[in-house]
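The values are calculated or read from the model by the stated rules, or taken from the named source; none is laboratory data. Just so you know, these numbers come straight off a predicted model, no measurement behind them. Neighbour counts run over all protein chains shown; Cβ positions are idealised from the backbone, glycine included.
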Amino acid sequence: MKTALITGVTGQDGLYLSELLHEKGYEVYGLIRGQNNPKLPALRRSHPYVKILSGNLLDLASLIRALAKAQPDEVYNLGAVSFVAYSWDNAELTSAVTGLGVLNMLEAVRFYSDDSGKDVRFYQASSSEMFGKVQDVPQRESTLLWPRSPYGVAKVYGHYMTINYRESYGMHASSGILFNHESPRRGPEFVTRKVSQAVARISLGLQDKLVLGNLDAKRDWGFAGDYVDAMWRMLQQDEADDYVISTGETHTIRELLDVAFETVGITDWERYVETDPAFFRPAEVDLLIGDSTKAHEKLGWKPRVDFKSLVRMMVESDVAIEAPSPAVAI
Ligand code: GDR
């Protein structure tokens, strides 16, 4: 039986990845920050097989202790401050957790590997946000990185540190450059879930307006459940490497609104949607579209859920969540 340690285990990807690894027979450990993490009770209920360890990406000693306890074969570093818009107001914190946190985890893995003699495999959650200003269409592994947010800059640091540990110490450290990936478990601050929740509530008469920022940005949106499978495949390769994971399709926020509102039978969504400069970003990433040919060829990976099915899945899930529960007969 293999053992895996996941940071960011309470996030969307952490939940899907724990399920995937559990189904494959892994013993799954999750690193949790803080004594009273509000997401912990839900995780214990929905994923009782995840063994919880306490640790913080900013505290190297805590990571070394967690590795000594879990004795993992594979470490998936998904923990980060992950909301791009938040990163301008919290640039130092984002740089610490999303950037230096990667270095701490790499160091902890190096200590533990040296100590135990085990060749621990490492996955770093890199991001399409690293591409930033458009250089290449579509973006691939060799595209010049030009991040446009403190979050993107921190992810570039983590990405190159991962490559550097691979080249310096021969570590099996891989980096997945994942484009946007969504699901009904997505946090409500991200645009897809903000839209799916609002559309569900508008269709049920619970909300009147949806206020957004830039409707013209283009994103390559895939399903998170498909993307965690790519993470696992990367760590099963003989050689560690970097891979773009994407659908190869791009859509504007307007197209997202078209499909989301259409799911509940509304075609004139302009009546419900307003824009507010407060939701515009100081620097925008205008166009993301990924070329994951390398992942197709080397990992045998392909996305299964397309854009329309993804948006419908999210809206339908939110309609079920928001719908008033049927009256209970006395
Ligand atoms: P992103 O995702 O920044 O691409 O990063 P997000 O869903 O936040 O934004 C996508 C695009 O939508 C535009 N937008 C809005 N975004 C939000 N959140 N709220 C709004 O009201 C709104 N209106 C328009 C944004 O300007 C942007 O262009 C996500 C995160 O998961 C990162 O952690 C991850 O690394 C990348 O995807 C890949």
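At-a-glance table
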{"read-out": "Test set (1) in a loop (DSSP other than H, G, I, E, B); (2) among the basic types (K, R); (3) more than 9 Å from the ligand (Cβ to nearest atom) - R281 fails condition number", "value": "(3)"}
{"read-out": "Looking only at region 33-64, and only at residues there that are small (G, A, S) and more than 20 Å from T3 (Cα to Cα), the one that is modelled with the lowest pLDDT", "value": "G34"}
{"read-out": "Residue within region 141-157 that is in contact (Cβ under 8 Å) with a residue 12 or more places away in the chain, among the hydroxyl-bearing types (S, T, Y) and over 24 Å from D241 (Cα atoms) present", "value": "yes"}
{"read-out": "Count of region 95-114 residues which are acidic (D, E) and touching a residue at least 12 places away in the same chain (Cβ under 8 Å)", "value": "1"}
{"read-out": "Hey, V311 outside the structural domain of Q135 (by TED's automatic domain parsing) and within 15 Å of the ligand (Cβ to nearest atom) or not", "value": "yes"}
{"read-out": "Breaking point among (1) within 16 Å of the ligand (Cβ to nearest atom); (2) of a type in the set (D, E, K, R); (3) not in a strand (DSSP E or B), for E274", "value": "(3)"}
{"read-out": "Residues within region 26-41 that are in a helix (DSSP H, G or I) and either within 18 Å of the chain's Cα centre (by Cα) or free of Cβ contacts under 8 Å to residues at least 24 places away in the same chain (or both), tallied", "value": "1"}
{"read-out": "G248 surrounded by fewer than 19 Cβ atoms within 10 Å (Cβ to Cβ), outside any helix (DSSP H, G or I) and away from the ligand (no atom under 16 Å from the Cβ)", "value": "no"}
{"read-out": "Residue check for N90: of a type in the set (S, T, N, Q), within 15 Å of the ligand (Cβ to nearest atom), touching a strand residue (DSSP E or B) at 6+ places or on another chain (Cβ under 7 Å) and within 25 Å of P38 (Cβ to Cβ)", "value": "no"}
{"read-out": "Residue identified as in contact with a His (Cβ under 7 Å, 6 or more places away or on another chain) and closer than 24 Å to R233 by Cβ among Y16, Y49, Y112", "value": "Y49"}
{"read-out": "Selected residue [under 20 Å from the mean Cα position of the chain (by Cα) and either on the phi > 0 side of the Ramachandran plot or not in a helix (DSSP H, G or I) (or both)] from V315, V305, V311", "value": "V305"}
